[in-house]
Amino acid sequence: MEQKTRKRHGALIFWLVFLAVAGGIVATVLLANDRRNLRLVLREIGYETRTMVIPKQPAVMETFKGRRIEGVEVQIPAQLFLAPVPSRDSAFLRTFEKKDGEGLCRSLRKEGFDMTAWEAGAFTRAVLECSYETSVPNAEKPDDPSTFFMMIKGNAAGDLLSARAKVVVTDVGAQAELAKRTADALKAFALHTRWLELADGLAKVAALEPFVISSHGVTARFQGEFSGPGRYNLILSASSPLTPAQRRTQDYFVRKRYWPLLPEHGGPNVVPKPEAVEG
């Protein structure tokens, strides 16, 4: 009987020591990092909620104490203190270069336009093009259907040269269909070039209302022809003329125009001064 009592006392002491050690480890882990782990556990089991603490004096900057670095010299470029030169400012400028005419043809195909293959044009091999044409029969005038024609031109370097569409409405019944085709073409162009503000004219194109959007050197123009009613042109081109600031941006990337006095760009040759001869 005495031996069984000792075994029970030994087991009890073991569990008490084990629980004390385990509790100490758990407490150390939970209370570490300013009780961060304890708050995470309580939040997970739903005993703690996040609260917003509103400062007593909002919008007041508190002062922080720290080591100040004294006697440190900082070099500042002298150009920071120069006054702006009005005749040398530049402006953001968009360009048709590297906008990929062939890629625009692919984008138009995704919009449902059955564009022709991207290949050399009839007049010069240096200009590549693709086109699309469709017509809507005119019941009253079979020989005068309503038509929609579009042509994209570019070069082998990946530059977009021009994009234009022509709409001829001879029957009011075909107006809505051709107007939508024209709006879809403008949308595809805006998405392809990432010039999304050009899509502001979609509603006017769909209603066959003239408009002009000029943005950073690029112009989208939809207007009627003087030759007669029902004839419209959508032209996407570089703006002309550019502002003086835009011209300076354009010239910056053409060294013979930006630095015209350098010898390699047609300027005078620089003759080095003869070295002085010691007597």
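Each reported figure results from applying straightforward, stated rules to the coordinates on display, with no laboratory input. On a predicted model such as this, the values are computed, not experimentally measured, just so you know. Cβ coordinates were reconstructed from backbone atoms using ideal geometry, including for glycine residues, and neighbour counts include every protein chain displayed.
Here are a few things to note about the model shown:
- Label sites at Q75 and L242, each approximated as a point 7 angstrom past Cα along Cα to Cβ, lie 3.5 nm apart.
- With R₀ fixed at 22 Å, the C-beta to C-beta distance from D143 to E177 puts the FRET efficiency at about 0.65.
- Net charge, L191 excluded, C-beta distance under 11 Å - Lys, Arg +1, Asp, Glu -1: +1
- The calculated FRET efficiency for the pair L262 and E209, based on their C-beta separation and a Förster distance of 45 Å, comes to about 0.35.
- The chain: angle of helix 175-193 to the longest principal axis, Cα-based, in degrees nearest 10: 60 degrees
- Ascending count of other beta-carbon atoms within 10 Å, so fewest first, for K166, K99: K166, K99
- Distance distribution P(r), the chain, all Cα-Cα pairs, bin width 5 angstrom from 0: 1, 4, 7, 8, 8, 8, 6, 5, 4, 5, 5, 6, 6, 6, 4, 4, 3, 3, 2, 2, 1, 1, 1, 0, 0 percent.
- Taking P77, P241, P229 in turn, the Gaussian network model of the chain (Cα-Cα springs below 10 Å) assigns the largest fluctuation to P77.
- Length gained on full extension, E111 to R68, computed as 0.36 nm times the residue gap minus the Cα-Cα distance: 9.2 nm.
- Structure remark: mean-square fluctuation, Gaussian network model of the chain, C-alpha springs under 10 Å; the largest value among P84, P210, P268 belongs to P268.
- Considering only H192, A207, L108, and ranking their Cα positions along the charge dipole of the range 80-225 that arises from unit charges at the beta-carbon of Lys, Arg, Asp and Glu, the one farthest toward the positive end is H192.
- Largest mean-square fluctuation among A139, A78, A183, in a Gaussian network model of the chain whose springs join Cα atoms under 10 Å apart, belongs to A78.
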